[in-house]
Amino acid sequence: MHIAIAGNIGSGKTTLTTMLAKRYDWEPRFESVDYNPYLDDYYKDLKRWSFPMEVFFLKERFKDLLEINQCGKPVVQDRSIYEGVYVFTENNYAMGNLDTRDYETYMELFEDLTDIVKLPDLMIYLRSSVSHLVANIEKRGRSYEQKMPLGYLENINKRYEDFILNKYKGRVLIVDVDELDYQHNPKDFGMITDKIDRELFGLF
């Protein structure tokens with residue numbers, strides 16, 4: 001079984017992934033694409049290096065997906081290949097960093113790769129307002145995130161909504177997290193696990 005946790009930067013994906021892994025004895029998988037040999041060049045020349053950077057990320061995410069599909073144990077994953085493409089790569093294209101030829105080649109490669117693997121059994125989308133995201137980002141204090149423009153978070157939020165509602169073909173559970181503190185409030189966490197139990201096991 002494969003459960004994916006989707007959501008914008010600061011929505012609480014990693015926290016929920018960790019908690020669900022412990023609650024259900026699932027294997028947690030965290031995004032393993034922090035290192036990308038093209039990143040330094042990308043930030044120096046966005047248009048020149050966007051395509052190889054995105055292809056490298058796609059390669060790494062696809063390797064993760066293959067491992068998940070071959071794993072004999074239930075897996076809960078922090079961010080999937082699908083949002084990596086439909087949210088973040090599409091945003092890079094919309095910003096003009098990928099030209100149309102490179103983008104179309106990339107999307108054809110992505111579609112060919114994902115044709116040979118299964119969609120997650122359930123994608124849990126953590127829907128959050130930008131103000132909630134900003135509060136969480138400030139709270140965790142990562143220096144490289146503190147200067148992130150509000151407009152960027154707003155744009156990514158819109159792309160997530162479009163991805164979940166219009167582009168993703170799998171099973172989705174939407175959780176509005178603005179009023180929840182599932183990390184510290186067992187009742188809030190229990191509300192989420194009740195929803196998961198209903199979706200996956202038909203309980204309640």
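Looking at region 51-96, which of the residues that are hydroxyl-bearing (Ser, Thr, Tyr) and open to solvent by 10 Å² or more (accessible area, probe 1.4 Å) is nearest to Asp115 (Cα to Cα)? Among residues in region 51-96 that are hydroxyl-bearing (Ser, Thr, Tyr) and open to solvent by 10 Å² or more (accessible area, probe 1.4 Å), the one nearest to Asp115 (Cα to Cα) is Tyr82.
For region 37-87, what are the residues that are part of a loop (DSSP other than H, G, I, E, B) and of a type in the set (Asp, Glu)?
Of everything in region 37-87, just one residue is part of a loop (DSSP other than H, G, I, E, B) and of a type in the set (Asp, Glu), namely Asp45.
Pairs linking a residue in region 179-204 that is touching a residue at least 40 places away in the same chain (Cβ under 8 Å) to a residue that is acidic (Asp, Glu) and open to solvent by 60 Å² or more (accessible area, probe 1.4 Å), with Cβ atoms under 8 Å and 6 or more positions apart or on different chains, are Leu200/Asp121. Please go through region 13-44 and pick out each residue that is among the β-branched types (Val, Ile, Thr) and either touching a Pro at 6+ places or on another chain (Cβ under 7 Å) or more than 19 Å from Arg79 (Cβ to Cβ) (or both). If the condition is that a residue be among the β-branched types (Val, Ile, Thr) and either touching a Pro at 6+ places or on another chain (Cβ under 7 Å) or more than 19 Å from Arg79 (Cβ to Cβ) (or both), then Thr17, Thr18 are the ones that fit.
Screening region 28-45 for residues that are under 29 Å from Ala135 (Cα atoms) and touching a residue at least 12 places away in the same chain (Cβ under 8 Å) and picking the one that is surrounded by the fewest Cβ atoms within 10 Å (Cβ to Cβ) gives Ser32.
Residue-level check: of (1) surrounded by fewer than 14 Cβ atoms within 10 Å (Cβ to Cβ); (2) at negative phi; (3) at pLDDT 95 or above, Thr17 misses just (1).
Rundown of residues vs (1) modelled with pLDDT of 95 or more; (2) more than 21 Å from Lys139 (Cα to Cα); (3) buried (at least 16 other Cβ atoms within 10 Å of the Cβ), yes/no style:
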residue: Glu154; (1), (2), (3): no, no, no
residue: Asp162; (1), (2), (3): yes, yes, no
residue: Asn166; (1), (2), (3): yes, yes, no
residue: Val177; (1), (2), (3): yes, no, yes
residue: Met191; (1), (2), (3): yes, yes, no
residue: Asp194; (1), (2), (3): yes, yes, no
residue: Phe201; (1), (2), (3): no, yes, no
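Within the set Arg48, Arg23, the sole residue that is without any contact (Cβ under 8 Å) to a residue 12 or more places away in the chain and either open to solvent by 50 Å² or more (accessible area, probe 1.4 Å) or under 24 Å from Ile192 (Cβ atoms) (or both) turns out to be Arg48. The residues in region 126-149 that are under 25 Å from Phe56 (Cα atoms) and either modelled with pLDDT of 95 or more or open to solvent by less than 90 Å² (accessible area, probe 1.4 Å) (or both) can be counted, and the count is 2. Of all residues in region 13-27, which are within 11 Å of the chain's Cα centre (by Cα) and either over 15 Å from His132 (Cα atoms) or among the small types (Gly, Ala, Ser) (or both)? Listed by number, the list holds a single entry, Thr14.
The values are calculated or read from the model by the stated rules, or taken from the named source; none is laboratory data. Just so we're clear, the structure is a prediction, and the values are computed from it rather than from any experiment. With ideal geometry, Cβ positions are generated from the backbone for all residues, glycine too; neighbour counts draw on all protein chains shown. When the accessible area is computed, the model is the full protein with side chains, heavy atoms only, and any ligands, DNA or RNA have been set aside. Shrake-Rupley method; radii C 1.70, N 1.55, O 1.52, S 1.80 Å.
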